[in-house]
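Each value in this text was obtained by applying a stated rule to the coordinates, not by laboratory testing. All of these numbers come straight from a predicted model, not from anything done at the bench. A quick note on method: Cβ atoms are made from the backbone with ideal geometry, for glycine too, and the neighbour counts reach across all protein chains shown.
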Amino acid sequence: MGSESDECSTAVILGVDGGTTSTICVCLPLLPFCEQHQLPDPLPVLGRAAAGCSNHNSVGENAARETLEQVINEALSRAGKNRSAVLAICLGVSGVNHPSDQERILNWMRNMFPGNVKIYVQNDAVAALASGTMGKPHGCVLIAGTGCIAYGFTEDGREARAAGAGPVLGDWGSGYGIASRALTAVVKAHDGRGPETMLTDCFLKSLGLASPDEIIGWTYADSSWARIAALVPLVVSCAEVGDQVADEILKNAVQELALSVKAVVQRLYLAGEDGSDSFPVVMVGGVLENNKGWDIGKEVIDSILKAYPGACTIRPKVEPAIGAALFAWNMMKEKEANGQSR
Ligand SMILES: Nc1ncnc2c1ncn2[C@@H]1O[C@H](COP(=O)(O)OP(=O)(O)OP(=O)(O)O)[C@@H](O)[C@H]1O
């Protein structure tokens, strides 16, 4: 039997970010129980694996379970470890919205790992938040990619969300929301129902179409959200050269995104009674990417700081799967500090 220090040097923590597009698992060594800012930079990743969708709403329970098992096994194998080395695992999985969703995934994991392994099952927003807070599940996270959502968590376990209901239900700050408004503006301008816009030439050129009429066929050919949302950088480039229509669409998206954060902050009193308390706001997703010209993320940050001067906005340096692993590490650290042995 190995000594306790042997065990620590071989022990690992796993973090899983389970999304609708892909699922990532990372394997980290057991980090020292130090303050977050004292963690090694960059964090040592022993193994990383990627697989497809693990949202049970999209692919069904069997496929979701297989994907999670596969990605975990692969990350461990790339790290040269087996399951007996795992001390804790955090899975941040999209579609986990209810205790029964957590229970289901927990049961799958209980079949993979012995009872002493700490298993945490969360929504994928927790992994995104933790990637900015280095594992602490406190504050607000704004995710704006193809879709958008704002989530907030308090240290005493309360949570709230805003937006994220999908494009039919008004996620205008999402990539899909921005691009569909821009496509609509082109069709309106063509009909004479709206002002002329540079978006017309820009979209036609980029999509290889001859006339705005052809946009109708283009959208019907494949209306997947990500395909439409991919047009956002074109909207940004038109706004950057002064197109009023594109500029208005982006300003509206900024308002919507900031409003989602504000709704969550108010519901959870994250900013305190007078709105000046300090709390983290983690910004994740392609739409919030740092742009040199029209920067949606920066405009959202400005709007949040105007309302809550104490907010600490963070663009994470590590991926959400690492955030999930750090969440597990943080929970273990807190248990240790509270005197509960591992
Ligand atoms: N520089 C940029 N400025 C603004 N938007 C951008 C930029 N680069 C990419 N995007 C947009 O970001 C979106 C993709 O972001 P991301 O990869 O985070 O989303 P996703 O993971 O597909 O979606 P979701 O998070 O909703 O599952 C697309 O709408 C794309 O057009």
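Mind telling me which of SER131, SER206, SER237 comes out most flexible in a GNM of the chain, alpha-carbon contacts under 10 Å? Highest fluctuation among the options: SER206. Sorting the segments 136-143, 178-185 by their mean number of nearby beta carbons within 10 angstrom, highest to lowest, gives 136-143, 178-185. Only Cα pairs under 8 Å and 6+ residues apart enter the sum, and on that basis the relative contact order of the chain stands at 21 percent. I'd like the distance separating the alpha-carbon centroids of the range 92-136 and the range 269-328, in whole Å. When both Cα centres are located, 23 Å separates them. Among beta bridges identified by DSSP and lying wholly in the chain, the antiparallel ones come to about 50 percent. Tell me, what is the percent relative contact order of the range 57-124, built from C-alpha pairs under 8 Å that lie six or more residues apart? About 38 percent, as a whole number. Inter-label distance, THR21 to GLU240: 2.0 nm, where each label sits 7 Å from its Cα along the C-beta direction. Relative to the longest principal axis of the Cα atoms of the chain, the long axis of helix 61-78 lies at roughly 60 degrees. Residue separation of SER278 and ALA221 scaled by 0.36 nm, minus their Cα-Cα distance, works out to 15.8 nm of gained length.
To the nearest ten degrees, helix 99-112 and the longest principal axis of the Cα atoms of the chain are 50 degrees apart. Averaging over all projection directions, the Cα-based convex hull of the chain occupies 19.2 nm² in the image plane.
The GNM of the chain, with springs linking C-alpha atoms under 10 angstrom apart, assigns the highest mean-square fluctuation among ILE24, ILE72, ILE119 to ILE119. Karplus-based coupling profile of the range 299-307, in residue order and whole Hz: 5, 5, 4, 4, 5, 5, 5, 5, 7, with θ = phi - 60° in 6.51 cos²θ - 1.76 cosθ + 1.60 and x standing for Gly or Pro. Pairs of Lys residues in the range 248-342 that lie 8 or more places apart, or on two chains, and have C-alpha atoms under 23 angstrom apart add up to 11. Exposure proxy for GLU299, GLU334: other Cβ atoms within 10 Å of each Cβ, ordered fewest to most, give GLU334, GLU299.
Candidates VAL300, VAL265, ALA239 compared by Cα position along the dipole of the range 184-342: farthest toward the positive end lies VAL265, with charges placed on Cβ. Taking other residues whose beta carbon is less than 15 angstrom from the beta carbon of GLY194, and scoring Lys, Arg as +1 and Asp, Glu as -1, yields -2.
Just checking the listed ones, ALA125, ALA328, ALA63: in the Gaussian network model of the chain with Cα springs under 10 Å, the one fluctuating most is ALA63. With contacts taken as Cα pairs under 8 Å and at least 6 residues apart, the range 1-152 reaches a relative contact order of 21 percent.
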